[in-house]
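*Asks:* Structure in structure tokens, see below.
What follows draws every value from the coordinates through simple rules; no lab data is involved. Every value quoted in this text rests on a predicted model; they were computed, and no experiment measured them. A quick note on method: Cβ atoms are made from the backbone with ideal geometry, for glycine too, and the neighbour counts reach across all protein chains shown.
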Amino acid sequence: MNMFKPQYTITNTLATNMRKIGEIVGELNSKVLSSTVLMNMERDARALSAHSSTQIEGNPLPLTDVKKIIKSKPEHIRDTEREVLNYNKAMLMLDEQIRAGKISKLSNSFICQIQSIVIDGLINNSYKGEYRIEPVFVNDPIKRETIYLPPDAKDVLSLMSDLVEFVNAKEGEIDPLIIAGLFHKQAVIIHPFIDGNGRTTRLVTKTLLAELGINTFPLFSFENYYNNNVTKYFQNVGVFGNYYDIAETIDFTQWLEYFTDGIIDELSRVKSQFPQYQERLEPHHKQILEYIKEHGSITAREYAEITDRAKATRIQDFKKLVDLGLITTIGVGKATYYTLKTE
């Protein structure tokens, strides 16, 4: 097996983007949100991702309809609705596995599992959860001409295995941003499935991005950036010609710049979505939260020792944080203490 050896350069633009992403991630991870606010933001982000990723592939449903479908989960559905529900189901599964720490290494079976969820009920079952054994062609949707011939079916498994090996071997050696970006474009180039390539690739990439340590992963919809200019996305992620003629000369640099631009754009959107109350927390509220983060909990007596606020206002400080859903009360009377709310 020959491990994938991508060509790319860490340009000034790419280095700046990576640094900026690190700064925004650090800023987002320092924020504390109530469980209710988080739940609502996660739900909206999933709907945006399902809408964007399926619309990239031609699904006409507007975001308002996507939100209704995800919420109501109707029994009798058209293919356009099934695409959205499948994508949402895959995101829920991935989020659960990421939270539980179940995704340690990328594998062919994991990639095929995602594709099987994405295309469930949409194409013949023989194409579900299996790499293709037939040729495929990539056509220009406007000119209706073939613009790219992916690798032969006989080479798909070895090429995907090379890519998977690369991702796993380079973990901790190459920045996870670069690994996720390289995976994304190379998977599109290989085109390993008869159907569901784009959606599957974007979901696996999303999973790899969780390695960045983005605690706000479920709020993150990088598909939204691509959907805002689908033509630009296809121009950057795709290649033209015959795979065997161009494979040795593909340079990933421009794609990586575009890819990181998209992540900055999306992280900035998430940042702007954080509720305004976050900015209204007074220094003494943040002092309580920081104390709990450091010590695991805080009592009324401990708070009295680190602040000069009057007893009545200290009680109100705890009440505000409880009302916001940021901390929870445990015990009664003198045995009462407060911890961060995790549910």
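*Asks:* For the chain, modelled as a GNM with alpha-carbon contacts under 10 angstrom, which of Asp265, Asp175, Asp195 fluctuates the most?
*Replies:* Evaluated over the chain, the most mobile residue of the options is Asp175.
*Asks:* Next up: For the residue pair Lys232 and Ala335, what label-to-label distance in nm results when each label sits 7 Å from Cα along the Cα-to-beta-carbon direction?
*Replies:* Simple spin-label model gives 6.0 nm for this pair.
*Asks:* Using only the Cα atoms of region 281-340, what do you get for the radius of gyration and for Dmax, in Å?
*Replies:* For region 281-340, the Cα-based Rg and Dmax read 10.2, 26 Å.
*Asks:* What fraction of the Cα pairs in region 1-137, stated in percent, has a spacing above 25 angstrom?
*Replies:* Working: 4450 of 9316 pairs.
Value for region 1-137: 48 percent of Cα pairs lie more than 25 Å apart.
*Asks:* Please give me, ordered by residue number, the trypsin sites (Lys or Arg not before Pro) of region 126-160 that lie in loop per DSSP and have at most 11 other Cβ atoms within 10 Å. Each step should come with its number before you reach the end.
*Replies:* Values: sites: Lys128, Arg132, Lys143, Arg144, Lys154; in loops: Lys128, Arg132, Lys143, Arg144.
Answer by residue number: Lys143, Arg144.
*Asks:* Between Lys105, Lys20, Lys319, where does the largest GNM mean-square fluctuation fall for the chain, given springs only between Cα atoms within less than 10 Å?
*Replies:* Judging by the Gaussian network model, the answer is Lys319.
*Asks:* Restricting the calculation to Cα positions, tell me the Rg (one decimal) and the Dmax (whole number) of region 12-273 in Å.
*Replies:* Expressed in Å, the Cα Rg and Dmax of region 12-273 come to 17.8, 54.
*Asks:* Could you run the Debye sum over the Cα atoms of region 222-331, one equal point scatterer each and no solvent, and tell me log10 of I(q)/I(0) at q = 0.10, 0.21 Å⁻¹, two decimals?
*Replies:* Computed log10 I(q)/I(0) values: -0.56, -1.10.
*Asks:* Say we join alpha carbon atoms closer than 10 Å with springs in a Gaussian network model of the chain; which of Glu83, Glu57, Glu282 then has the biggest fluctuation?
*Replies:* Glu282
*Asks:* While we're here: I'd like to verify something in the chain: which complete DSSP H helices, judged by Cα projection on the helix axis, reach 20 Å or more and average at least 0.5 on the Kyte-Doolittle scale?
*Replies:* Passing helices, by number: 153-169, 176-190.
*Asks:* With both bridge residues required to lie in the chain, what share of the DSSP beta bridges run antiparallel, to the nearest 5%?
*Replies:* Taking every DSSP beta bridge with both residues in the chain, the antiparallel ones total about 65 percent.
*Asks:* Going out from 0 in 5 Å bins, what whole percent of all Cα-Cα distances in region 129-283 drops into each bin?
*Replies:* P(r) for region 129-283, in whole percents per bin: 1, 8, 16, 21, 19, 15, 9, 5, 3, 2, 1, 1, 0.
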